[in-house]
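Read through the structure below, which is laid out as structure tokens, and then see the notes.
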Amino acid sequence: MTPLRPRARRTQRRSGKRSRTAAALLLTAGASFGLLLAAPAPATAGSNLVVNPGLESLRASDAMPTCWEKAGWGDNDFTVTTTDQSHSGGKALALSVTRRVSGDRKVLMAEDSSCAPSVTPSHQYDLSLWYKSTTPDASVTVFRHDVKAGWQYWTDLKTLPVSAGYTRATVRTPVVPPGTDQITWGVSVYGTGSVTTDDYDMEDATQPAAGAVCTAGDACVKGSWAVMPFKNPVRSMHSVVLHNGKVLLVAGSGNDPAMFKAGTFTSAVYDPKTGAMKTIPTPVDMFCAGHVQLSDGRVLIMSGNKAYPAADGSHGYEGFKDSYIFDPSSESYVKTNDMNEGHWYPSATLLGNGDVISFGGLKEDSTGSVTAEKFSQAQQKWLPRTEVNQTWSYWGLYPSMILMQDGRLFYSGSHVFGNGTPGTGASVYDYDANKITDVPGLQDKDNRDQSMSVLLPPAQDQRVLTMGGGQVNTNPEASRLTDLIDLKAPNPRYTPGPLLPQGTVDQGQGPKPETGAQGKMYVSAVLMPDGKVLETGGGLHDRADPVFEASMFNPATNTFQPGLATDPIPRTYHSSAFLLPDGRVMAVGDNPGNGTFDDHVSIYTPPYLYKGARPQITSVANNRWQYASTQRMTVDRPVVKAELIRPAAVTHSSDPNQRFVDLPMTVGADGTTIDLNVTSNPNLAPPGWYMLFAVDADGVPSVASWVHLGGPDALEAPKGAAVKGAAVKGAAVKDKAAPMVHDFAGKMTEKAKAPEPAHTSHPVPVTISGCDRHYGAENVCVPTAFPKTVPPTTAGRCAWLKAHDYGALKLNGRDDPLKLDPDRNGRACD
Ligand SMILES: [Cu+2]
């Protein structure tokens, strides 16, 4: 028997206000395990794996049912009693929370090797219990025992609706992760009220693989790429998947100064169903704007290009204050009010209440913005600066700001151009407290320019992967480093992930195998419906040297499957890749330093689409979903998981809103009628349109159905304080569930930073984008620093420029800092 571990994760807290009563109670759980005689039964379908499932056997020491315990955290008053109000037999457990400011209370199976049900990795289990309840704020919570890391929170499966009489709740676990040998589960209560439970059951519900046979050769494991017979009609660097299944491609001037001078700005809408591309009138130069889908599915677009850099070096790129909303139904742009200032290369993160928060970028005068901006969902406008909390921090360009489950923001360290932020290069920003706390461990943080970060599937796991990156100002070979962070840890820190697999790199002499530490920047990472992450495309140097490599990251094992088929089209600067609703991946764009733009469109068909017939979602009872609800779908054959994937809104390797939200299933007796348990927490799945996928035991996904997640609950801020407010407001009859928010990342050891003194901007060199403006047109980027292998001579540099198809370059003015015009005829390298 293993000793009972301290209940760190069940009792962790952020507020530090745990009551003394609670602390004392936490110690009672392990008292009498010596009395237990039987080890849990082996996992066999049809047999109940729960020890003491009817709660009939009691411990002498505390009168709690044998093998059951209480846990929880936060500032609240509660009781746990063994009662005779049973569903069957003579005993049941009643958990009552009488006062709550924060946290939750739980009754669940003891974390003890002889009490906790044994499980088999890759299996699934149907959990059920009988309960009655006076609070909508209760859920089925599961912990898992990792053979290496010990007991830890796994997930929440189902919100329990209020029920006056006994009712049965059933829910299926996700596939048990590798390295798990036991689980425990029970009920969490995170609002005032009581829940009485009895007659727990847990049965193996593993769905056998359908035994799909693939006859497509290499494509069975590598997938395949196809270059489409049609072209991208615009020089787009922004790709947004719309809830009607179409794709908005935004170019603005498309990094083409001639278009800018002519006032010709473009976007296009692509329809994957027909292959049609339609160009859309575009009012301003949305080149290098920010964007995110609002909760109603319209696309908020913020800032863009007010001016290209001046050839005389007097200013760099300038961002304007304008903001627009793209309406997918009319395929047109409508102006909003202005932002407080310009933000060329801003971030955009949708919050749990539907607001959008934005940081960074370049102002109208081409200095760095230190103003945080917020678009109010309720008011449908950008708020005045004074109504937005300000730390006056310069977050850089396209800082990757990922919404955490408690409403804080995780800045992953992925950004565009230059160094990472000062300090560790990654941090947690608590908007409400207006405090930034650094997070340690990001490797080589100043060479993560145009790395890509994703919240790994499922969002409930709160883990982030950051991959690759480079540095346009010093131009080293791009990185193979990856970093993983578990934001559920009390003191989260990045740990090194596996190195990015290597492919071939074309440095102007044709593709050659990558060697040594060669990796890539301009990485595209795409969350896939089978729960893995495709990473594809990229380049070895600043706007040059495409890397042809793609691999699949598996979050369950933290490993890459290398050697996938590769996109034959270079995908470096201003490229993007994104998931289509049919489960394929589309890739567009490439804008190397010579100023050209690749208009080929590539589509990746993943291996899962070579495994024969796909499961189909045959009906979705309702496509307007609310938080904490259950939603019925039917499928044509059994599936093992279902999830919501937020459609892409990606640019410059940045899509911090991309997420995969697990939908625990309650599976009917026919195996094909499935109730999906929707999270109660809008921070896990911010309001809006999502792609609903169902995935079978072979990992084959359905085509997506579109569902909208939202409702009035989405507008209640999901922070701890708001939960309390909701409880007060609804004190008489509270029928709306509150969000289940966990106390993760509550013991960060780095000292929180106070806001900086108010100031207007951060100085940014005009060469921030890594281009020497002495040469060529504004869209041509002669690197300020050539790759290390290039001799620092006229011949060496000119050979490199020639190999990279720069063509003729005129000198802008008289200076020639790179010595490209020794004969002083005003033309470089001729
Ligand atoms: Cu750009």
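The figures follow:
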quantity: Strands (runs of 3 or more DSSP E) contained entirely in the stretch 451-560, each with at least 1 residues that are within 19 Å of Leu403 (Cβ to Cβ) and within 17 Å of the chain's Cα centre (by Cα); calculated: 452-455, 463-467, 482-486, 524-527, 533-536
quantity: Failed item in (1) surrounded by 16 or more Cβ atoms within 10 Å (Cβ to Cβ); (2) of a type in the set (A, V, I, L, M, F, W, C); (3) within 19 Å of Asn779 (Cβ to Cβ), with Ala808 passing the rest; calculated: (1)
quantity: Options Gly612, Gly563: the member that is modelled with pLDDT of 95 or more, on the phi > 0 side of the Ramachandran plot and either more than 16 Å from the ligand (Cβ to nearest atom) or touching a helix residue (DSSP H, G or I) at 6+ places or on another chain (Cβ under 9 Å) (or both); calculated: Gly563
quantity: Elements of type strands (runs of 3 or more DSSP E) in the stretch 185-281, at least 2 residues being on the phi > 0 side of the Ramachandran plot and outside the structural domain of Gly688 (by TED's automatic domain parsing); calculated: 193-204
quantity: Top-ranked residue of the stretch 270-293 - restricted to ones that are buried (at least 20 other Cβ atoms within 10 Å of the Cβ) and away from the ligand (no atom under 14 Å from the Cβ), ranked as nearest to Ala348 (Cα to Cα); calculated: Val292
quantity: Test for Gly699: is it away from the ligand (no atom under 16 Å from the Cβ), farther than 20 Å from Tyr608 by Cβ and surrounded by fewer than 24 Cβ atoms within 10 Å (Cβ to Cβ); calculated: no
quantity: Residue satisfying all of: in the stretch 61-74; without any contact (Cβ under 8 Å) to a residue 60 or more places away in the chain and in a loop (DSSP other than H, G, I, E, B); surrounded by the most Cβ atoms within 10 Å (Cβ to Cβ) among these; calculated: Cys67
quantity: Inter-residue pairs, beta-carbon under 6 Å, first closer than 20 Å to Leu300 by Cα and in the stretch 274-288, second part of a loop (DSSP other than H, G, I, E, B) and of a type in the set (Ser, Thr, Tyr), 6+ apart; calculated: Asp285/Ser253; Phe287/Ser253; Cys288/Tyr345
quantity: Any hit, the stretch 573-591, residues being farther than 21 Å from Ala649 by Cα, within 16 Å of the ligand (Cβ to nearest atom) and in a loop (DSSP other than H, G, I, E, B); calculated: no
quantity: The listed residue being surrounded by fewer than 24 Cβ atoms within 10 Å (Cβ to Cβ), in contact (Cβ under 8 Å) with a residue 60 or more places away in the chain and within 16 Å of the ligand (Cβ to nearest atom), out of Ser366, Ser400, Ser393; calculated: Ser366
quantity: Number of the exception - Phe410 against (1) crowded, with 21+ Cβ neighbours inside 10 Å; (2) assigned to a loop (DSSP other than H, G, I, E, B); calculated: (2)
quantity: Among (1) at pLDDT 95 or above; (2) closer than 30 Å to Tyr190 by Cβ - the single one Ala795 does not satisfy; calculated: (2)
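Yes/no matrix, rows are residues, columns are (1) within 22 Å of Val416 (Cβ to Cβ); (2) surrounded by fewer than 19 Cβ atoms within 10 Å (Cβ to Cβ); (3) among the basic types (Lys, Arg); (4) out of contact with any helix residue (DSSP H, G or I) (no Cβ under 7 Å at 6 or more places or on another chain):
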| position | (1), (2), (3), (4) |
| --- | --- |
| Thr749 | no, yes, no, yes |
| Lys753 | no, yes, yes, yes |
| Pro757 | no, yes, no, yes |
| Val764 | yes, no, no, yes |
| Pro787 | yes, yes, no, yes |
| Pro792 | no, yes, no, yes |
| Gly796 | no, yes, no, yes |
| Ala799 | no, yes, no, yes |
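Each row is one residue, and each column tells you yes or no for (1) surrounded by fewer than 23 Cβ atoms within 10 Å (Cβ to Cβ); (2) part of a loop (DSSP other than H, G, I, E, B).
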| residue | (1), (2) |
| --- | --- |
| Ser602 | yes, no |
| Gly612 | yes, yes |
| Ala628 | no, yes |
| Pro647 | no, yes |
| Pro656 | no, yes |
| Pro682 | no, yes |
| Pro686 | no, yes |
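The values are calculated or read from the model by the stated rules, or taken from the named source; none is laboratory data. Model, not experiment: these values are computed from the prediction. A quick note on method: Cβ atoms are made from the backbone with ideal geometry, for glycine too, and the neighbour counts reach across all protein chains shown.
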